[in-house]
Amino acid sequence: MLRTANIGVCDIREAAARERAASTAGNRPLFYFRFGVDQALPQERRTPVTPSSSSRYHRRRSSGSRDERYRSDVHTEAVQAALAKHKERKMAVPMPSKRRSLVVQTSMDAYTPPDTSSGSEDEGSVQGDSQGTPTSSQGSINMEHWISQAIHGSTTSTTSSSSTQSGGSGAAHRLADVMAQTHIENHSAPPDVTTYTSEHSIQVERPQGSTARVAPKYGNAELMETGDGVPVSSRVSAKIQQLVNTLKRPKRPPLREFFVDDFEELLEVQQPDPNQPKPEGAQMLAMRGEQLGVVTNWPPSLEAALQRWGTISPKAPCLTTMDTNGKPLYILTYGKLWTRSMKVAYNILHKLGTKQEPMVRPGDRVTLVFPNNDPAAFMVAFYGCLLAEVVPVPIEVPLTRKDAGSQQIGFLLGSCGVTVALTSDACHKGLPKSPTGEIPQFKGWPKLLWFVTESKHLSKPPRDWFPHIKDANNDTAYIEYKTCKDGSVLGVTVTRIALLTHCQALTQACGYTEAETIVNVLDFKKDVGLWHGILTSVMNMMHVISIPYSLMKVNPLSWIQKVCQYKAKVACVKSRDMHWALVAHRDQRDINLSSLRMLIVADGANPWSISSCDAFLNVFQSKGLRQEVICPCASSPEALTVAIRRPTDDSNQPPGRGVLSMHGLTYGVIRVDSEEKLSVLTVQDVGLVMPGAIMCSVKPDGIPQLCKTDEIGELCVCAIATGTSYYGLSGMTKNTFEVFPMTSSGGPITEYPFIRTGLLGFIGPGGLVFVIGKMDGLMVVSGRRHNADDIVATALAVEPMKFVYRGRIAVFSVSVLHDERIVIVAEQRPDSTEEDSFQWMSRVLQAIDSIHQVGVYCLALVPANTLPKTPLGGIHLSETKQLFLEGSLHPCNVLMCPHTCVTNLPKPRQKQPEIGPASVMVGNLVSGKRIAQASGRDLGQIEDNDQARKFLFLSEVLQWRAQTTPDHVLYTLLNCRGTIANSLTCVQLHKRAEKIAVMLMERGHLQDGDHVALVYPPGIDLIAAFYGCLYAGCVPITVRPPHPQNIATTLPTVKMIVEVSRSACLMTTQLICKLLRSREAAAAVDIRTWPPVLDTDDLPKKRPAQIYKPSNPETLAYLDFSVSTTGMLAGVKMSHAATSAFCRSIKLQCELYPSREVAICLDPYCGLGFVLWCLCSVYSGHQSILIPPSELETNPALWLLAVSQYKVRDTFCSYSVMELCTKGLGSQTESLKARGLDLSRVRTCVVVAEERPRIALTQSFSKLFKDLGLHPRAVSTSLGCRVNLAICLQGTSGPDPTTVYVDMRALRHDRVRLVERGSPHSLPLMESGKILPGVRIIIANPETKGPLGDSHLGEIWVHSTHNASGYFTIYGDESLQSDHFNSRLSFGDTQTIWARTGYLGFLRRTELTDANGERHDALYVVGALDEAMELRGMRYHPIDIETSVIRAHKSITECAVFTWTNLLVVVVELDGSEQEALDLVPLVTNVVLEEHYLIVGVVVVVDIGVIPINSRGEKQRMHLRDGFLADQLDPIYVAYNM
């Protein structure tokens, strides 16, 4: 097949000759390789190995709990050196705070005992070593020196800094202090100004110039100025300060120039680095292996070989198996193998199914399920399949129904059409069984018939039956499974001719001869173990000694002992097995390895295997091991053996090795580096191309173009001895098995297809093949390629090396914000402390940053033995990644570093210099935008028979109603059972008000104009007290009473309002009177300073001489106090005129008349809630059905049942009420329907709010109660604020509320761009009701006060007769007053006086028509100006970020965000076990980055109910912020993102 035209193919011998010529001619090749083991080993190891130096070797190596795949002393020293450098510019990483319960749970008791599962492929440990190794061997000498310098110098003096104050974070703070302090006093090296300049290191309260370190007093209440200039006394703020200081350091790489389109924020396009290394060599030539020799007595097929040896030397041993004591368990001879395989073949073909319908026919697939300690049974079954011409698919034994990855194996079996599983007796007995004794169907598996292959269970074939032995052909011989990077499992098909050719090529390359003995430690079911230990051995009648994994665990030296005992010529091992032998060999006297002519290192393609090879040679050279015996090989499931180093007799020809610059490798370029440099990768060759094969390397992505000689590419092979396809997947097969490498001129180099090996590497001088990693391990970060194995090696070289449990560490990348981000997950040792883990994590970050120049996005530690395992005990990478992404990894420590590694954010917005008024006007005209303004109906134009209009004051309206309709019921109060608790007619209210007026004047001795605080629960008393004040000429202030169960936090607010409002007296009920004077109250406030308290349960009997009538409608009617969402207490003044205008506006909008009934479920203390509860009924005469929201806690259906029972058409509620109904009644709609609940009469259900409409809540409420007759259009919202208590309110007439979708990215730039529903970054906004009559609105720029066009987001300004007349404050802050209540536009209509609402929003003219026939203008509220966060020059609204975060994980029930010193802090409430807390940190960080292009600074995980919510159901983010900074939240976990 391979006699190709000689284009681009050169022979190895020619290459070597050319190489010599080149070097003598003096033109230095682009990379050189140092040949000869002498130079390859570090200096100390050149001496002949004497016992003393080998014991020194032990001292360095014996911590066997490292993962030996990645051992490299050179690298370890490089890592230590890099860290030592960092020590001089130490990062101050604030350590996360963790609740004590969380720390305790991850301590020793929570760990499962060390794993003793049977198979364990990559689990780097020997039994016994996890208990720790002798103390003499704690790491190498140079590390101890380094470590003692780096840390011991500083911990001793600072450990006392803070005792365990909040839960378990004491240790945490000690470390944070150490991190802040470890900044070197004696600058032995010049400070490195490139990255972390030393002037930035934090100096927390340290006397300048002194050498004694003083522990920073975070624990004590030392004040510290934060970035906002606010003094705070807390550890949290100290940590945040640490974080801010650390983040001020320059980033690497610096942010490059971005592209910004008109608010189409393009993410930064990664510009190629002009200084990056580029390949400069000539185009490579494909390399041809030696001819595959034709040996006369080679068999025509493998079955023919078996028949031949089984008949001519039946007594020759074929396979010896071992028990766990290392004793030979069983010897399978060639005769037995032949007869038993025949028996299996006969039974498969003739004894399954019926004669007419056999279950298995030639060509069908069957699966082989055999444990790792039974190679004999496997071998018999495998050859039985070959003889029967059925296709074996060997897989691992499924241990449980839910093994990691087992489902994917099931998919493979299903797609191969497997219906029969061959297994051994013992294995069959060990499979999980159902109670009836059946083997359950494993998850994702097809239904299988389990067939035991032991001879005693099988029928003897008839005398005349023989298997049909043909020459090897293109039929499939077997299928080997392969697990991909994403966890999916593919089946690689190998034909019979490929199988035979592969055995021949291996025989030639390894020089196998008949009857040689070979020791095999590898898994015999696949890969190198199968090819050498099961297939090639039979072709050459060799004797295989199979060492099971379980024996290696007990005795890691067993394979070496067997080599000695059987004088074996060949051994097949992994670098792990060599490493274990090193750890254990010191007890052995009589080891002699001189019989070995070839030690095949199966994972020689992993560049990190070189150190195990060197070290093994170093120790065992004195035991007869020759250097040229070590033969690394490279293999892949698709290409089988790719290359193997040939055993030579010439010990003078040393192996090739290259010391490559890791920086160069990230750009795919080979650059030789001196070994002194820190970031190098030392690679050894894996020998030559296989006999009969051609090899080249092609660019890893894009079209398969040949690489240059100094370029890294994917190795591709053209040969007969390879796999031919992925079973059943023609598309993937084409991409992998049918590749035609192209020359630079664009032509293919041969007419034959090549196969991608999945290995990255290059062909070096002399045709030697070098592999530097696998395609599967490749992570492309910002255009540079990093290999997961290299990162693992660096992490494992970080002291303390014993930290990672058994070297179990996983590295993978996740895609966040258009780039790959590196994630490291490691199992930590059961005995490690919080400090150990955090210190180790910080060091790993520094080491990877120094050596690989790449940032780690997330470093997570999990308890020992908790990562999902592959069947052979290694870490199941794709499952681990899956768990990480879905938030079920349950780490015990997490460190995220988005600040340092996310460098492709959109450009921060630069504020444009403001353009003048004229250009704004012209600009708007040109672009066809109208100035954004709108108004409700004009009060003057409306003709209505409003009798109350003739009165200027509400007190007069009440007196008039008491005379004209004395028995008309105005108010009905319901209790929690839904029955009437109390009611008031017009005359009852009038008389009660009179008595209260007398009481105020006589007992209270109040003058007109005095302020009176009304502290009442929601009800009738409050209303009567309000009108009593008006009758006496006093100014009422309604105050929410303190909560009896929570006096400590609620009473101070009451006290504050009473004091700030300058109340001369306080009116309340008898019950609250007692509460205010109780012992609990005295503990919370100074009760001696209360003003006089009047108890209205005991009223005088007489009437007042006269009822007070104000002289002027502009005088004060009442004060409205409310705490804003930002935590500010603000009282506004409402005049009599404004109060009457307000009531009239609502009467007109909602069409309220005496015959109407309105249900109100609101708190009656401020804003529209108070007006609807106390004022509107008196003005309009309708009956108000009052439902205190607190009653819904005992009976959630109360409000809706009342609405249904009283056939109410209009009802008002708050978001908290709506949420209570949605959550509390979700499952009860059927039973409510049965109770006759009917909401079909409701035409308006208005949510009274001062925020952006919560569209998700209103929609789910509408959907939920649709079945009970609620019309979805009935639900709407209103908008009020401090300067105007109601701007918009959905009335009875007029168009339905509309919803628009805006682009969230444009909104950040204060632009409004409408998009389609469901488009990316779309945000739904619902209009906030209709503008009330008499209200005018304009949208203005909050900074310049100019009017805006309707495509801009701006502040809503309002002009109306019912605006409040100003703030009521003690301080009399006039500037604020005039700015908020008396603002004028800077241009345009500069005469009108507007009030600024403090809310950002926009107006849109819709296609709908108003009641008066004009086109309807809808007002959309986006959020409060005070709450909006300015980050990176853009405006963000907390609710948008919170919505994204709540969607990130099922356990997040509530979220609040705020900023502190420019850091975004996200607080999430966790509904789940505390073990899930740390899962949330990466998910929260990811979602905010992806959807908002923001980096989260701090993630705080708290219990349910910690985020404070006010009575209107709004989050009190500023209270939360203050609580967090004052260490009052008792968080489960606080993560400070780097």
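In segment 571-614, the qualifying residues are those that are more than 26 Å from residue 319 (Cα to Cα) and of a type in the set (Lys, Arg), and the one that is surrounded by the fewest Cβ atoms within 10 Å (Cβ to Cβ) is 589. Scanning segment 1256-1274 for any residue that is part of a strand (DSSP E or B) and buried (at least 22 other Cβ atoms within 10 Å of the Cβ) turns up nothing. One residue is enough: does segment 1193-1205 have a residue meeting the conditions open to solvent by less than 30 Å² (accessible area, probe 1.4 Å), polar (S, T, N, Q), farther than 25 Å from residue 965 by Cα and in contact (Cβ under 8 Å) with a residue 12 or more places away in the chain? Checked against the condition, which is being open to solvent by less than 30 Å² (accessible area, probe 1.4 Å), polar (S, T, N, Q), farther than 25 Å from residue 965 by Cα and in contact (Cβ under 8 Å) with a residue 12 or more places away in the chain, segment 1193-1205 yields at least one hit. Could you figure out which of (1) buried (at least 20 other Cβ atoms within 10 Å of the Cβ); (2) within 15 Å of the chain's Cα centre (by Cα) isn't true of residue 882? Evaluating residue 882 over (1) buried (at least 20 other Cβ atoms within 10 Å of the Cβ); (2) within 15 Å of the chain's Cα centre (by Cα) leaves (1) as the failure. Kindly evaluate residue 773 against the criterion of being crowded, with 24+ Cβ neighbours inside 10 Å, farther than 30 Å from residue 414 by Cβ and not hydrophobic (A, V, I, L, M, F, W, C). Against the criterion (crowded, with 24+ Cβ neighbours inside 10 Å, farther than 30 Å from residue 414 by Cβ and not hydrophobic (A, V, I, L, M, F, W, C)), residue 773 qualifies. Quick check on residue 791: is it part of a strand (DSSP E or B), surrounded by 17 or more Cβ atoms within 10 Å (Cβ to Cβ) and touching a helix residue (DSSP H, G or I) at 6+ places or on another chain (Cβ under 8 Å)? No, not satisfied. Evaluate the following for residue 1069: is it over 15 Å from residue 1166 (Cβ atoms), of a type in the set (S, T, N, Q), modelled with pLDDT of 90 or more and surrounded by fewer than 22 Cβ atoms within 10 Å (Cβ to Cβ)? So residue 1069 fits the description; yes. The set of residues in segment 945-994 that are under 58 Å from the mean Cα position of the chain (by Cα) and among the polar types (S, T, N, Q) comprises 972, 975, 979, 982, 983. Take the conditions (1) surrounded by 22 or more Cβ atoms within 10 Å (Cβ to Cβ); (2) closer than 28 Å to residue 604 by Cβ; residue 860 misses just one of them, which is (2).
Within segment 774-787, residues that are under 11 Å from residue 813 (Cβ atoms) and modelled with pLDDT of 90 or more sit with their Cβ atoms under 6 Å from residues that are among the basic types (Lys, Arg) and assigned to a strand (DSSP E or B), at 6+ positions apart or across chains, in these pairs: 778/785.
Among the residues of segment 321-331, those that are touching a helix residue (DSSP H, G or I) at 6+ places or on another chain (Cβ under 8 Å) and under 17 Å from residue 371 (Cα atoms) comprise 321, 322, 323, 324, 330.
Sub-8 Å Cβ pairs linking a first residue in segment 443-454 that is over 14 Å from residue 368 (Cβ atoms) to a second residue that is of a type in the set (Phe, Trp, Tyr) and not in a loop (DSSP other than H, G, I, E, B), at least 6 apart or interchain, are 444/411, ordered by first then second residue.
Among the candidates 1423, 1433, the residue that is within 25 Å of residue 1500 (Cβ to Cβ), in contact with a Lys or Arg (Cβ under 6 Å, 6 or more places away or on another chain) and not aliphatic (A, V, I, L, M) is uniquely 1423.
Cβ-Cβ distances below 9 Å connect the following pairs, each with a first residue in segment 820-845 that is open to solvent by 30 Å² or more (accessible area, probe 1.4 Å), a second residue that is among the charged types (D, E, K, R) and in a loop (DSSP other than H, G, I, E, B), and a separation of six or more residues or different chains: 836/829.
Okay, residues lined up against (1) among the basic types (Lys, Arg); (2) open to solvent by 10 Å² or more (accessible area, probe 1.4 Å); (3) part of a loop (DSSP other than H, G, I, E, B):
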{"site": "492", "(1), (2), (3)": "no, no, no"}
{"site": "497", "(1), (2), (3)": "no, yes, no"}
{"site": "512", "(1), (2), (3)": "no, yes, yes"}
{"site": "519", "(1), (2), (3)": "no, no, no"}
{"site": "541", "(1), (2), (3)": "no, yes, yes"}
{"site": "550", "(1), (2), (3)": "no, yes, no"}
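All of 616, 524, 620 fail the test of being within 49 Å of the chain's Cα centre (by Cα) and part of a loop (DSSP other than H, G, I, E, B), apart from 524. Restricting attention to segment 1442-1493, the residues that are closer than 23 Å to residue 900 by Cβ, touching a strand residue (DSSP E or B) at 6+ places or on another chain (Cβ under 6 Å), among the polar types (S, T, N, Q) and touching a residue at least 60 places away in the same chain (Cβ under 8 Å) add up to 2. Looking only at residues in segment 1072-1101 that are out of contact with any Pro (no Cβ under 8 Å at 6 or more places or on another chain) and aliphatic (A, V, I, L, M), the one that is surrounded by the most Cβ atoms within 10 Å (Cβ to Cβ) is 1094. Is there a residue in segment 521-533 that is in contact with a helix residue (DSSP H, G or I) (Cβ under 8 Å, 6 or more places away or on another chain), surrounded by fewer than 24 Cβ atoms within 10 Å (Cβ to Cβ) and among the hydrophobic types (A, V, I, L, M, F, W, C)? Within segment 521-533, not a single residue is in contact with a helix residue (DSSP H, G or I) (Cβ under 8 Å, 6 or more places away or on another chain), surrounded by fewer than 24 Cβ atoms within 10 Å (Cβ to Cβ) and among the hydrophobic types (A, V, I, L, M, F, W, C).
Could you list, in sequence order, all residues of segment 623-664 that are assigned to a helix (DSSP H, G or I), out of contact with any Asp or Glu (no Cβ under 8 Å at 6 or more places or on another chain) and crowded, with 19+ Cβ neighbours inside 10 Å? Can you show your working first?
So in segment 623-664, the residues assigned to a helix (DSSP H, G or I) come out as 623, 627-629, 662-664.
From what's left, out of contact with any Asp or Glu (no Cβ under 8 Å at 6 or more places or on another chain): 623, 627, 629, 663.
Passing the criteria: 629, 663.
Count of segment 1102-1122 residues, restricted to those that are part of a loop (DSSP other than H, G, I, E, B), buried (at least 18 other Cβ atoms within 10 Å of the Cβ) and touching a strand residue (DSSP E or B) at 6+ places or on another chain (Cβ under 9 Å), is 1. Which condition does residue 1215 not pass, out of (1) open to solvent by 60 Å² or more (accessible area, probe 1.4 Å); (2) on the phi < 0 side of the Ramachandran plot, if it passes all the others? Condition (1) is where residue 1215 drops out. Please give the number of the condition residue 1069 fails out of (1) more than 30 Å from residue 1200 (Cα to Cα); (2) in contact with a helix residue (DSSP H, G or I) (Cβ under 7 Å, 6 or more places away or on another chain). Result: residue 1069 fails condition (1) only. When restricted to residues that are over 30 Å from the mean Cα position of the chain (by Cα) and assigned to a strand (DSSP E or B), segment 743-758 contains 5.
Taken together, the criteria exclude residue 1023 from residues that are crowded, with 16+ Cβ neighbours inside 10 Å, at pLDDT 95 or above and touching a His at 6+ places or on another chain (Cβ under 8 Å).
Check segment 1311-1320 and report whether any residue there is within 22 Å of residue 1409 (Cβ to Cβ), in contact with a helix residue (DSSP H, G or I) (Cβ under 9 Å, 6 or more places away or on another chain) and not small (Gly, Ala, Ser).
Quick first cut of segment 1311-1320, residues within 22 Å of residue 1409 (Cβ to Cβ) only: 1314.
Then drop every residue that is not in contact with a helix residue (DSSP H, G or I) (Cβ under 9 Å, 6 or more places away or on another chain), which leaves none.
So far as segment 1311-1320 goes, no, none of its residues is within 22 Å of residue 1409 (Cβ to Cβ), in contact with a helix residue (DSSP H, G or I) (Cβ under 9 Å, 6 or more places away or on another chain) and not small (Gly, Ala, Ser).
Residues that are buried (at least 16 other Cβ atoms within 10 Å of the Cβ), acidic (Asp, Glu) and farther than 16 Å from residue 1105 by Cβ within segment 964-1017 comprise just one, 1010. Filter segment 358-408 for residues that are within 24 Å of residue 429 (Cβ to Cβ), outside any helix (DSSP H, G or I) and of a type in the set (Val, Ile, Thr) and give the result. Result: 360, 366, 367, 369, 393, 395, 397, 400.
The values are calculated or read from the model by the stated rules, or taken from the named source; none is laboratory data. Here the structure is a predicted model, which means the values were calculated and not measured. Positions of Cβ are backbone-derived with ideal geometry, glycine not excepted, and every protein chain shown enters the neighbour counts. To get the accessible areas, we keep the full protein, side chains included, count just its heavy atoms, and leave off ligands, DNA and RNA. Shrake-Rupley method; radii C 1.70, N 1.55, O 1.52, S 1.80 Å.
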